[in-house]
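A short write-up of the structure that comes next.
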Amino acid sequence: MSDTPVVRVVNLVKIYQTGGLPVPAVRGVDLTVEAGEFVAVTGPSGSGKSTLIHMIGGLDTRTSGEIWLDGRRADTLSESGWAVLRREQIGFVFQFFNLVGNMTVADNVELPALLGGASPRHARERREYLLGELGLADRADAAPAQLSGGEQQRVALARALANQPRLLLADEPTGNLDSRNTRDVLRLLGRVHRQGQTIVLVTHDARVASMADRVVSLLDGQIVDDGAIPRVRRRPPGGAGDVVELRS
Amino acid sequence: MRQALLALLAKEPAHGYELKQALETIFGIAYPSPNIGQIYVTLGRLEKDGYVRAVDVEQANRPNKKVYYITAAGREALETWVDEPTEGPRVRDEFFMKLVLAPLTGLADRMALVNRQRRHYLSLMRDLAELAELAERTDPANRAALLLIEGAMLHLQADLDWLERCQEELQ
Ligand SMILES: Nc1ncnc2c1ncn2[C@@H]1O[C@H](COP(=O)(O)OP(=O)(O)O)[C@@H](O)[C@H]1O
Ligand SMILES: [Mg+2]
């Protein structure tokens, strides 16, 4: 694999113009994500996390700056150029799912793989695998509206991974999940990451963030911290934890 | 440790090693193997305070063993402990002291302190997540241990949310 970064963003700026008053949402962000890296993006509400990840996925236009994906300049692409790039390279999990309402769960998940050129059989196998991993095997024939928010969110993750995309972008993918479902999502993310999946993920959930190789912290549209999560001392295998402290 | 030993002895008399085993069974992986020396030191202090007594029990072919039992005063102390509200874990936060005081000394700026602390908490979270997985795999029947680990994770999440608030307010 080449050492071209999967994502390279240079001095990226987004200023929303709402009825006269400019709202600077992202103010000069530089970010590089190498192949196979898992980067978590955190920060307070309104700090620009969604805007940043939407721009990287071409779902929101930049005001200025550059976006390079896999060594190709992307911010200058047309709408349709972005659509092709997304179909071929990017899986996106939206904060609010965006499933296709008049298609079954199974079809929602298979569609991106089929659009990406996978055979129907391959698309079905991949869908069965992903829904199984997320505890949704028995919901394949349901319509999205019949699912709970947490179920829809997991379907959205399965759909984003259907195509084995070069880059997975996810915006609060566990925001609507209880702790059991979060665990299923974490397990799947961990598994695809170990298989080499590059991930950029916005999250408030420290369990999710702690799985990442690197954490990027946003504040007021700027990166205030970017670095690896250190390893704490490894506990001996089978050894004990230190959750309970019984003072003498 | 004092109250834990009193509670165990309120259930039934026991010798030191049995108490160690009981702690291990109850807290499972969530508690580092209790140190037998520490248990005996604590029992000694409880005895001095009049909360427990020890009797020598003869054993065939072996040295006598000391069996501890709880006294009326010990039972009362245990009841008081159970009845009183438990202090929150974060009433005096050491990190907050650093955050407020360190900039006065010129030793560190707040942004750097918050960032370092965030990375540290996240590494603790990763460690707890691995511990939870280990507990699920090796001792799934011990719900107490799993709940303790989950509780620690929730506290850590709250700490991280609070760090974010500090960063917003103090920038
Ligand atoms: N479509 C929009 N129009 C105008 N302002 C927006 C729009 N989307 C986001 N913003 C503003 O941009 C800032 C960053 O928002 P966002 O990227 O959603 O933050 P986050 O995801 O970190 O909560 C906020 O002040 C928000 O109000
Ligand atoms: Mg957002």
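Structural remarks
- Taking the stretch A:81-174 and the helices (runs of 4 or more DSSP H) fully enclosed by it, no element has 3 or more residues that are touching a strand residue (DSSP E or B) at 6+ places or on another chain (Cβ under 9 Å) and of a type in the set (Gly, Ala, Ser).
- Flag for A:Asp75 being within 13 Å of ligand 1 (Cβ to nearest atom), in contact with a helix residue (DSSP H, G or I) (Cβ under 9 Å, 6 or more places away or on another chain), of a type outside the set (S, T, N, Q) and assigned to a loop (DSSP other than H, G, I, E, B): no
Let's see how each residue does on (1) away from chain A (no Cβ under 14 Å); (2) more than 22 Å from the chain's Cα centre (by Cα):
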position	(1), (2)
B:Leu46	no, no
B:Pro63	yes, yes
B:Ala73	yes, yes
B:Phe95	yes, no
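- Annotation note: of A:Leu85, A:Leu59, A:Leu12, the sole residue that is within 26 Å of A:Leu161 (Cβ to Cβ), touching a residue at least 24 places away in the same chain (Cβ under 8 Å), open to solvent by less than 50 Å² (accessible area, probe 1.4 Å) and out of contact with any Ser or Thr (no Cβ under 9 Å at 6 or more places or on another chain) is A:Leu85.
- Any chance A:Ala158 is aliphatic (A, V, I, L, M), closer than 21 Å to A:Trp68 by Cα, open to solvent by less than 10 Å² (accessible area, probe 1.4 Å) and away from every other protein chain (no Cβ under 14 Å): no
- Taken over the stretch A:175-197, residues that are open to solvent by 10 Å² or more (accessible area, probe 1.4 Å) and in contact with an Asp or Glu (Cβ under 6 Å, 6 or more places away or on another chain) amount to 0.
- Candidate set: the stretch B:138-171, residues that are open to solvent by less than 70 Å² (accessible area, probe 1.4 Å) and among the polar types (S, T, N, Q); chosen: the one farthest from B:Gln117 (Cα to Cα): B:Asn142
- Any chance B:Leu128 is in contact (Cβ under 8 Å) with a residue 24 or more places away in the chain, open to solvent by less than 60 Å² (accessible area, probe 1.4 Å) and in contact with a Phe, Trp or Tyr (Cβ under 8 Å, 6 or more places away or on another chain): no
- Flag for A:Ile90 being more than 16 Å from ligand 2 (Cβ to nearest atom) and within 19 Å of A:Val200 (Cα to Cα): yes
- Residues in the stretch A:174-193 that are away from chain B (no Cβ under 14 Å) and modelled with pLDDT of 90 or more: A:Val192 only.
- Subset of the stretch A:15-43 (residues that are open to solvent by less than 10 Å² (accessible area, probe 1.4 Å) and not small (Gly, Ala, Ser)): A:Val26, A:Val29, A:Leu31, A:Val33, A:Phe38, A:Val39, A:Val41
- Within the set B:Leu160, B:Leu156, the sole residue that is under 17 Å from the mean Cα position of the chain (by Cα), outside the structural domain of B:Asp49 (by TED's automatic domain parsing) and not in a loop (DSSP other than H, G, I, E, B) turns out to be B:Leu156.
- Considering only residues in the stretch A:194-227 that are within 16 Å of ligand 1 (Cβ to nearest atom) and among the hydroxyl-bearing types (Ser, Thr, Tyr), the one that is nearest to the other protein chains (Cβ to nearest Cβ) turns out to be A:Ser217.
The values are calculated or read from the model by the stated rules, or taken from the named source; none is laboratory data. None of these values were measured; they are calculated from a predicted model. So basically every Cβ, Gly included, is an ideal-geometry build from the backbone, and we count neighbours across all protein chains shown. What goes into the accessible areas is simple: the full protein's heavy atoms, side chains included, and nothing from ligands, DNA or RNA. Shrake-Rupley method; radii C 1.70, N 1.55, O 1.52, S 1.80 Å.
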